[in-house]
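The values are calculated or read from the model by the stated rules, or taken from the named source; none is laboratory data. Computed from a predicted structure; not experimentally measured. All Cβ positions, even for glycine, are placed from backbone atoms using ideal geometry, and neighbour counts span all protein chains on display. Only protein heavy atoms, including side chains, enter the accessible area calculation; ligands, DNA and RNA are left aside. Shrake-Rupley method; radii C 1.70, N 1.55, O 1.52, S 1.80 Å.
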Amino acid sequence: MTQPITVTLYAKTRGCQGCKLTARHLERQGTPFVELFVDQDPEAAQAVALLGYRSVPVVTAGDMHWSGYRPDKLNALGRLHTTVDDISELDSAAVRYLADEGVPA
């Protein structure tokens, strides 16, 4: 059985309400994720900078990434994560889905 693609949440340990909301959202919907703290981990801070972001939270899932607390994208990611074993083969479909092109109204 293949493993779902890794979801990473880049956050701060203090003072980031969006980080806390994003982590709670992922936990509540049962999406497994790794949380890295940019204020404690220089490699995590560099990864966020290389993606072009200057603030957190930043969520990455394969080639997809975004900044800020985005319930719409988190919900879409949760649906993808629970319906397929490995979304790495579905990157283009997942990108369209997360871009709200495939989300039913």
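Rolling a 1.4 angstrom probe over the protein heavy atoms with all chains in place gives region 1-65 an accessible area of 61 Å² per residue.
Other residues with beta-carbon under 15 Å from the beta-carbon of residue 11 carry, at +1 per Lys or Arg and -1 per Asp or Glu, a net charge of +1.
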